[in-house]
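This report refers to the structure that appears directly beneath it.
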Amino acid sequence: MSMFCYQCQEASKGTGCEIKGVCGKTSDVANLQDLLLFVTKGVAWWSQKADEAGIINPVAEKYIIDSMFITITNANFDRNKIIAQIKKGFEVQDSLAEKLGKTPENTPECAIWRTDSEEAMEEKSTSVGVLSHKNEDIRSLKELLTYGMKGIAAYAEHAHNLGYHNAEVNAFMKKGLVATVDETLEVDELLPLVLECGKYGVEVMSLLDKANTESYGHPEITSVNLGVGKNPGILVSGHDLKDFEELLKQTEGTGIDIYTHSEMLPANYYPAFKKYKHFIGNYGNSWWAQTKEFESFNGPVLLTTNCLVPPKESYKERVYTTGAAGFDGCTHIPERKDGQPKDFSVLIEHARKCQAPTEIETGEIVGGFAHNQVMALADKVVDAVKSGAIKKFVVMAGCDGRVSSRSYYTDFAQELPEDSVILTAGCAKYRYNKLKLGDIGGIPRILDAGQCNDSYSLAVIALKLKEVFGLEDINELPIVYNIAWYEQKAVIVLLALLSLGVKNIHLGPTLPAFLSPNVAKVLVEQFGIGSISTVEQDMAEMMA
Ligand code: SF4
Ligand code: SF3
C-alpha cells in the first residue's frame, strides 16, 4: 500500500485507493495532501489559541479554507503547489506562535512538526493519513467530519472571493479540525460534531447564496444554448462565479466567445452574466466527459475548481487552472492582488490562435429554478399540488461520476410518473437534464436550481412549502430524496439536509467507503438513510 484514500465514491474496489487514485492522483500527491491536512490541523490549533487570546488572524482562516479546498477530489494534482502550501502552513503557524509568545504544553504534533526538506515531508506524509486513526468507528466519524468540512471550505472560498465571510463558520472549521487530532474523543462525542457540521453546511450555503445573488442577481428561468458560434472560445468549468465574471469582462469586445462546462452551467441563469453578448451558452456535459469535450472545444479551458480529470497530452497545453485547482504542467492563473482582478490575458491570447469549437449538440436546455424563481411561481406550484397535478417532488441533487451504474439515475428520471417533478442541483443533473420530460401545467418536470451549493435553494423551497401547507415536519411534504454523491461537497449537502431534519434519504450509487458498519448503522437508525437498489424497487418505495 503506497497511499490510502477513500474520500470519494470512486474509491477503488469500494474500499479505498491504495496504489494510485482512480481519479488519477499519484501516491506521492495523495500522501502530500494528507500532510497538508495534518499541517492545516496545526494551523487550526494555533488559530484557536489566537482566538482565545483575542488575536485576530484572518490569514490563518483563509489558509484553512484554501488548504481544505485543495485536497478535495479532482481539484489539485500539482505536487509543487501542495508542497508550497505545506511550507506556507509552517509560516502561518510560526507567526501565530510568535504572537502568542510561547508554545503551550500539550501542543499536538501537527502544530509543532517542521521541516524544510521535501524528502522529510514525503517520509512524514506516509504516516499522517486516514489510517493513522486505528479505531475504525473513530476513523469513520473523523473522516466524515473532515469531508464535510472540505465541502464547507469550498463554499466559504467562493463566498470569500465575493467579499462575504461568516465568523461562526470559520470558528467551526477550527473546532472540527482540532477535534480530529484529539485522541480522547469517543464516538458519542464525535457524532454530535458531525451533525453540527451539517448545521454549518446550511450556514455556509446560505452565505454563498447571499454572496452570489447580491453580486449577480437572482437566477431566473433561462433557455441555455447548447450549440456553438463561429468565433474561437474559452470554456469555463468549476464553480467560481467571480472568476467567471472577471473573464467575461476581460473578453468583452475581443472576438472571443465564452462557454460554460459542467458545474459552470448555472452561470447562464444569472442576470448579471446574461447581458454579455459573447457569452454563448453551455458546451458539453458533466465533468468526466471533459476528456472528449475539451478536445473538441478546440480552445483554452479554465478550471476554476474541481472537477479536473488529468488532461490528455493532446489538449493539456490548453488547460489553465486557478484558485484551488492545479495540475503539474498546466498554466496556473495567480490570485488577485491589491484588489485587482485576476489577469486572464494569457488565456485570451491563446484563444486567438485557436479554431472555433466543434459543434457536439444543438438546441437548448432550461434551468434557473433557484428559490427566488420557484417562489415567484409559488401559487402555480401550490395549486398544482392541491389539485393533484403534482403528486411528488423528487430531489435528485448531487454529483455525477464515471461509473456506468450511474445510468440508474437516467432510468429513474425516465421512469418517474408523469405527475412528479425533479428538483435538482449539482452535476448529477447531467444524467437526465436533456431528457424530454415535458411539463405540468407550464411547470417543467426538471427544475434545476444550479450548482451543488444551490442545494440550499432546494432546502429553502422545501421549508417554504412546509410553511404554505401548514405542516409540522418537513418529512410530511410530498418530497422524496434520491441523492447521488461523488465528492466531498455532496457530503456537506447530505449533512446539511440531515441537520434540517430530512429523513429517509436514498444515497447512491454506493454508500461511502468511509462509513464503518457501526456509523452506517447509526445513520440508518437515526435518519433512515438508505442506499439504492433497482429502479423498479426504489420507484415503488419512493412513490408509495
Ligand atoms: Fe481514490 Fe477518490 Fe481518493 Fe481519488 S479522491 S484517490 S479516486 S478515493
Ligand atoms: Fe460535480 Fe465535481 Fe460534485 Fe459541484 S463538479 S457537484 S462532482
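Rule-based calculations on the coordinates, nothing more; no lab input. Predicted model, so just to flag it, every value in this text is computed and none were measured. Positions of Cβ are backbone-derived with ideal geometry, glycine not excepted, and every protein chain shown enters the neighbour counts.
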Thr510-Ala120 pseudo-label distance in nm [points 7 Å out on the Cα-to-Cβ vector]: 3.9 nm
Label-point gap, in nm, between Met1 and Ser223 - each point 7 angstrom along Cα→Cβ: 5.5 nm
FRET efficiency for Glu476 and Val403, using Cβ-Cβ distance with R0 set to 41 Å, rounded to 0.05: 0.75
For the chain, Kirkwood radius (reciprocal of mean inverse C-alpha pair distance, Å): 23.7 Å
Long pairs among Lys62/Lys87; Lys20/Lys292; Lys249/Lys275; Lys292/Lys436; Lys150/Lys199, criterion Cα-Cα beyond 18 Å: Lys20/Lys292; Lys292/Lys436
Dimensionless Rg/Rh of the range 222-352 - Kirkwood Rh, Rg from C-alpha atoms: 0.92
Sequence of Lys436, Lys150, Lys466 once ranked by neighbouring C-beta atoms within 10 Å, starting from the fewest: Lys436, Lys466, Lys150
Length gained when the stretch Asp383-Phe469 is fully extended (0.36 nm per residue, less Cα-Cα span): 29.8 nm
Inter-probe distance in nm under a simple model that places probes 7 Å from Cα toward Cβ, at Lys199 and Glu541: 3.0 nm
Length added when fully stretched, Glu349-Ile83, from 0.36 nm per residue minus Cα-Cα: 92.7 nm
The range 198-251 and the range 118-152: distance between their alpha carbon centers, rounded to Å: 32 Å
For Arg336, net neighbour charge (Lys/Arg +1, Asp/Glu -1) across residues whose Cβ lies under 15 Å away: -4
Charge dipole of the chain about the Cα centre (unit charges at C-beta), most positive-ward option of Leu177, Leu465, Met121: Leu465
Dipole in debye (nearest 20) - the chain, about Cα centre, beta carbon charges: Lys, Arg +1; Asp, Glu -1: 940 debye
Isotropic mean projected area of the C-alpha convex hull, the range 372-542 (nm²): 9.4 nm²
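Can you give me the Rg/Rh ratio for the range 156-205, using Cα atoms for both radii and the Kirkwood formula for Rh?
Ratio of gyration radius to Kirkwood radius: 1.05.
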Local net charge near Met264, Cβ-Cβ under 10 Å (Lys/Arg +1, Asp/Glu -1): -3
Residue order, fewest to most beta carbons within 10 Å, for Arg318, Arg79, Arg445: Arg79, Arg445, Arg318
The range 1-132 - Rg (one decimal) and Dmax (whole number), Cα, Å: 15.3, 49
Under 10 Å, Cβ to Cβ, from Ser2 - net charge with Lys/Arg +1 and Asp/Glu -1: -1
Length gained when the stretch Glu136-Asp182 is fully extended (0.36 nm per residue, less Cα-Cα span): 15.0 nm
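Give a quick list of GluC sites (Glu not before Pro) in the range 419-494 that DSSP marks as loop, anything other than H, G, I, E or B, with at most 15 other Cβ atoms within 10 Å.
The qualifying sites are Glu472.
Which order results if Val43, Val128, Val395 are arranged by neighbouring Cβ count within 10 Å, fewest first?
Val128, Val395, Val43
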Relative contact order, percent, the range 372-542 [alpha-carbon distance under 8 Å, six or more residues apart]: 23 percent
